[in-house]
Every structure is written in C-alpha cells, then in structure tokens.
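Input: a single structure, listed below in structure tokens.
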Amino acid sequence: MGLQRLDKVLADLGIGSRKELKELIRAGRVRIDGMVCLKPEQKLDPERQTLTLDGKELGYKGLRYFMMDKPAGVVTATEDRSQKTVLDLLPEELRRLGLFPVGRLDKDTSGLLLLTNDGDFAHRVISPKSCVEKRYYADIDGDVTEEDAAAFAAGLTLRDGTQCLPAGLERLGAGKCLVTVTEGKYHQVKRMLASRGKPVLALRRLSIGTLVLDEGLGPGGLRELDEMDLCKLFSGEIGEN
C-alpha cells in the first residue's frame with residue numbers, strides 16, 4: 001500500500017472529518033508505533049505500522065466493499081437534492097469512507113447493490129468486457145413463453161434500435177420470471193421484457209456473479225464483504241446489470 005498521510009488514514013477509518021482529525025492529532029491523542037504524532041501530514045504505512053488513538057489500536061482497512069439490500073423508492077446515487085439516496089441509508093461512520101454504488105438500480109427496483117470506495121473494482125464489475133452476470137426476479141403483466149426465452153437467448157433488438165447481448169429468461173410461474181444479463185444498459189431488463197409485451201410490475205436483483213443477496217439483511221440493510229464474497233463476483237468472469 002505504501003505511505004499515506006495520517007489524517008487520510010484516520011479519515012478512511014471513519015473516525016471524523018478532516019478538521020476534527022487535525023484537532024485530535026494536534027492534541028497528542030494519536031501515536032504511530034508508540035510515538036506521539038502531532039502532524040496531520042505525517043506519512044505512515046498503515047499496513048506495517050501500529051496506529052493508536054487514545055491508547056486504542058486502530059485496525060486499518062483502506063478499500064471497503066459492502067452488500068446492500070436496496071429498498072424500492074430510494075435513488076442509486078451519491079447525492080440528490082430532492083430524493084433519498086442509498087448513501088443516506090448508511091450509518092454515520094460509513095458515510096465518511098467515500099463509498100459509492102457500483103452500477104445502478106432504478107428507483108423502484110430493489111435488491112442486491114454493491115457499495116465500495118474502490119474505483120478499479122467498480123469498473124471491473126460493471127464493464128461488459130467482464131461479462132459478470134446479474135440475475136433479477138420480475139413480476140410481470142403477462143406470462144413468459146418459449147418464444148420469449150428464445151428471443152432473449154438470441155439477443156434482442158429494442159424498439160429504439162438498441163442491441164442487447166444474449167440473455168437468460170426463465171419462467172417461474174404465471175406472471176413471474178428470472179432474467180439474467182451481462183450488461184447494464186439503461187432500464188435494460190424492463191425494456192427487454194416490455195419489448196416482448198410483458199411490462200414489469202416489480203423488479204428485484206438477486207445476485208451478481210455467484211454472490212447472492214443475503215435476504216436476512218432486510219430493506220436498507222448491509223454487510224461488509226470478505227475475500228470469499230469478492231471471489232464470487234468474478235468466478236469464471238461471469239456475473240452485472
């Protein structure tokens with residue numbers, strides 16, 4: 001990881017604002033390898049050196065990854081002047097980490113949403129080149145036919161000329177289906193189903209790659225992902241929309 005500024009490391013830990021951190025550092029409350037540090041700009045390697053605040057050792061995690069069960073009615077954005085965003089659902093200590101949503105779920109779509117402060121990771125998940133599969137459950141007005149499934153598998157051309165890559169469509173019962181895509185065009189799942197005369201009534205993302213939404217989280221709930229979870233996202237480089 002290399003050397004980083006002390007105030008940045010503390011900010012990454014969600015301890016306080018940059019102004020608050022400078023004050024507590026200059027008050028002598030922070031030590032690096034047991035030595036009091038009074039300079040916010042002091043450099044350290046947080047993965048190799050011991051950092052303490054008021055005598056308590058701080059475990060450093062720079063890049064963070066979370067799974068959220070996004071509820072319907074919330075905007076997938078970092079900020080919005082008039083509507084609640086997914087970041088507004090985070091506890092205060094996590095709002096300071098610079099997290100942002102990976103990809104986008106429509107306001108009225110619920111389910112698995114990834115949050116991170118790792119730009120390279122986010123790009124890899126959403127890039128069509130990664131072919132990461134995203135699976136959705138849909139309630140529709142109508143019923144899926146074998147012809148619909150064949151059309152999805154062949155790659156649909158939408159009414160505005162947008163060409164979609166081959167996708168999966170599975171009937172679950174009357175008015176219910178699963179859709180699996182490997183790209184994330186605007187309102188893609190809804191537009192694909194609408195093009196077959198099956199308007200979407202409700203949509204929920206269930207998985208990305210082989211990482212499945214933890215249904216125990218509840219609307220707005222989240223948990224941090226571990227290394228095994230991250231591997232599931234790219235197992236075989238298939239798996240987002």
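For Ala154, the shell of other residues with beta-carbons less than 14 Å away shows a net charge of -2, using +1 for Lys and Arg and -1 for Asp and Glu. Looking at the chain, the accessible area is 51 square angstrom per residue; that uses a 1.4 Å probe and ignores ligands, DNA and RNA. Taking a sphere under 9 Å around the Cβ of Met67 and counting the other residues whose Cβ falls inside, with K and R at +1 and D and E at -1, yields a net charge of -3. For the chain, the fraction of 1.4 Å probe accessible surface lying on carbon and sulfur atoms is 50 percent.
Of the residues Gly220, Ser195, Thr182, the one whose Cα sits farthest toward the positive end of the charge dipole of the chain, with +1 on the Cβ of Lys and Arg and -1 on the Cβ of Asp and Glu, is Gly220. In a reduced charge model with +1 at each Lys and Arg Cβ and -1 at each Asp and Glu Cβ, region 33-77 shows a dipole moment near 160 debye about its Cα centre.
Annotation: lysines with alpha-carbon distance below 19 angstrom to Lys134 (same-chain offsets under eight excluded): Lys70, Lys107, Lys176, Lys185, Lys190, Lys232.
Extension gain, Gln49-Glu183: 0.36 nm per intervening residue step, less the Cα-Cα distance, totals 44.1 nm.
Per the helix-only calculation at 222 nm, which mean residue ellipticity applies to the chain, given -39500 (n - 2.57) for every DSSP H run of n ≥ 4 and division by its residues, nearest 500 deg cm²/dmol?
Details: 7 runs with 52 residues, N = 241.
Theoretical 222 nm ellipticity from helices: -5500 deg cm²/dmol.
Taking the charge dipole of region 1-134 about its Cα centre, with +1 at Lys and Arg Cβ atoms and -1 at Asp and Glu Cβ atoms, the residue from Leu51, Leu115, Leu94 reaching farthest to the positive side is Leu51.
For Gln83 and Glu224, the FRET efficiency from 1/(1 + (r/R0)^6), where r spans their Cβ atoms and R0 equals 25 Å, is about 0.45.
The values are calculated or read from the model by the stated rules, or taken from the named source; none is laboratory data. Source: prediction; values computed, not measured. Using ideal geometry, Cβ is built from the backbone for each residue, glycine included, and neighbour counts are taken over all protein chains shown. These area figures cover heavy atoms from the full protein model, side chains too; ligands, DNA and RNA do not enter into them. Shrake-Rupley method; radii C 1.70, N 1.55, O 1.52, S 1.80 Å.
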